[in-house]
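First the structure, in the form of structure tokens, and then the observations on it.
What follows is calculated from the coordinates using simple rules that are stated; it is not laboratory data. Worth saying up front: this structure is predicted, and the values here are computed from it rather than measured. Don't worry about glycine lacking a Cβ; one is built from the backbone with ideal geometry, like all the others, and counts go over all protein chains shown.
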Amino acid sequence: MRRTVLVAGASGQVARSLAALDVPDLRFATLGRPDLDLSDPASIERAMDAHEPVAIVNAAAYTAVDRAETEPDAAFAINRDGASALAEAAARHGRPIVHISTDYVFDGTKPEPYVETDPTGPLGVYGRSKLEGEAAVAGANPAHVILRTAWVYSPYGANFLKTMLRLAGERDTVRVVADQRGTPTYAPDIAVGIAAVLRVALRQPGRTDWRGIVHMVAGGETTWAGFAEEILRGSAERAGPSARVEPVATPDHPTSAKRPANSRLATARFRRTFGHGLPEWQEGVRNCLDALRPVRATTASTNFGGAADDT
Ligand SMILES: NC(=O)C1=CN([C@@H]2O[C@H](COP(=O)(O)OP(=O)(O)OC[C@H]3O[C@@H](n4cnc5c(N)ncnc54)[C@H](O)[C@@H]3O)[C@@H](O)[C@H]2O)C=CC1
């Protein structure tokens with residue numbers, strides 16, 4: 001029998017990937033606002049009672065990194081206080097919570113990939129709100145896993161991969177930052193990783209070695225420009241739009257929020273604890289492009305937009 005896992009953030013990239021995950025042992029009930037609103041504790045309680053989940057996943061968040069600089073209250077309300085409310089509800093019901101966090105808790109000055117015990121130092125409001133959310137979740141529910149991931153993309157919603165495809169349809173050259181390093185991580189691969197975490201947490205509730213902060217990203221590393229090149233090469237191979245990538249330095253691409261120059265996360269703890277590793281990042285790009293590819297064989301269209309809901 002499949003056991004129900006309640007997921008907050010129904011329309012997000014990770015939540016939709018969990019909803020699409022077809023596994024024999026777990027069923028992901030993804031709920032969005034108003035049915036499950038992190039800023040409405042009564043809605044959390046109603047969702048817990050209605051679904052009686054064996055575990056909770058918090059895939060809901062305020063993720064507008066630049067906008068957060070001018071909307072700190074909204075970012076903290078969801079990423080800290082909302083996460084805390086969900087973790088408290090899970091604890092009251094004696095259920096573990098898997099909470100998703102980010103590489104942006106770091107300042108990016110470390111020359112090597114970050115391990116879980118490295119000192120944090122977020123550069124902006126979003127990173128600070130996520131970091132305080134981590135502490136709030138850990139304080140509210142001892143049965144927690146805080147999964148830090150990075151550079152998330154998928155066929156769903158708006159993300160860097162879909163932006164590159166759109167820009168390639170509009171222009172010959174795209175200027176992309178080439179001095180920030182990290183690992184693009186495909187949301188459906190994150191969903192598989194979350195299922196691996198849940199299996200360990202549910203099978204060994206009495207053990208505690210799975211608890212705490214865990215870094216979970218795809219294999220390998222690149223820059224945003226390298227990511228763009230891989231996307232556009234793959235798009236061209238699939239007869240989709242393509243463009244030349246012009247690498248630029250961060251100061252040539254000013255944004256409201258500063259980003260870490262090094263976003264690389266070491267995943268040894270994840271692989272050791274949960275017996276699973278995410279595929280190389282390029283494999284995710286290929287899978288995402290294939291998922292977005294319209295039914296070219298029948299329509300002879302070369303436009304990737306058909307399956308996308310980016311606005
Ligand atoms: N997108 C990225 O590049 C990265 C994301 N993350 C983290 O991964 C997690 C999932 O990210 P994505 O799926 O990309 O996010 P997303 O932006 O696609 O989805 C977030 C969802 O949360 C929902 N939400 C916002 N406020 C809510 C509230 N009060 N109650 C209920 N739902 C609410 C939104 O409606 C949206 O559906 C988040 O915790 C995010 O911080 C970590 C690293 C990178």
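Worth a mention:
- Estimated from helical segments only, the mean residue ellipticity of the chain at 222 nm is -11000 deg cm²/dmol, where each DSSP H run of four or more residues counts as -39500 (n - 2.57).
- Subtracting the Cα-Cα distance of S11 and D25 from 0.36 nm times their residue separation leaves 2.8 nm of extension gain.
- Dipole magnitude (debye, nearest 20) for the range 55-202, charges at Cβ of Lys, Arg, Asp, Glu: 400 debye
- Computed P(r) (all Cα pairs; the range 193-277; 10 Å bins; percent): 14, 29, 25, 23, 9, 1
- Cα-based equivalent ellipsoid of the range 45-97: semi-axis lengths in Å, sorted from largest, via gyration tensor: 26, 9, 9
- Considering only alpha-carbon pairs that sit under 8 angstrom and 6 or more positions apart, the relative contact order computed for the chain is 20 percent.
- Amide H contacts under 5 Å for S101: L147, R148, T149, restricted to partners 5 or more places along the chain or on a different chain, H placed in the peptide plane at 1.01 Å from N.
- For the range 175-238, a crude dipole built from +1 on the beta carbon of Lys and Arg and -1 on the beta carbon of Asp and Glu, taken about the Cα centre, is about 340 debye to the nearest 20.
- In this rough spin-label picture, where each label sits 7 Å from Cα along the Cβ direction, the S256-R175 distance is 2.1 nm.
- Kirkwood hydrodynamic radius of the range 63-210, Cα pairs, Å: 17.1 Å
- The dipole here belongs to the chain: it is taken about the Cα centre, uses +1 on the Cβ of Lys and Arg and -1 on the Cβ of Asp and Glu, and is about 700 debye.
- Simple rule: put +1 on each Lys or Arg Cβ and -1 on each Asp or Glu Cβ in the range 129-234, find the dipole, and look at A138, F160, T183; the Cα lying farthest toward the positive end is A138.
- Over the chain: Kirkwood hydrodynamic radius from C-alpha pairwise inverse distances, Å: 19.9 Å
- Net charge of Cβ neighbours under 11 Å - reference A29; Lys, Arg +1; Asp, Glu -1: +1
- Estimated inter-spin distance, E69 and V115, nm [label 7 Å along Cα→Cβ]: 3.4 nm
- Taking one quarter of the surface of the C-alpha convex hull of the range 21-109 gives a mean projected area of 7.3 nm².
- Cα centroid separation, the range 26-65 to the range 177-242 (Å): 23 Å
- Each of G206, C288, G193 was placed along the dipole of the chain (beta-carbon charges, centred on the mean Cα), and the one lying farthest toward the positive end is G206.
- Taking Cβ atoms as reference points and 15 Å as the exclusive limit, the residues near T70 contribute a net charge of -1, counting Lys and Arg as +1 and Asp and Glu as -1.
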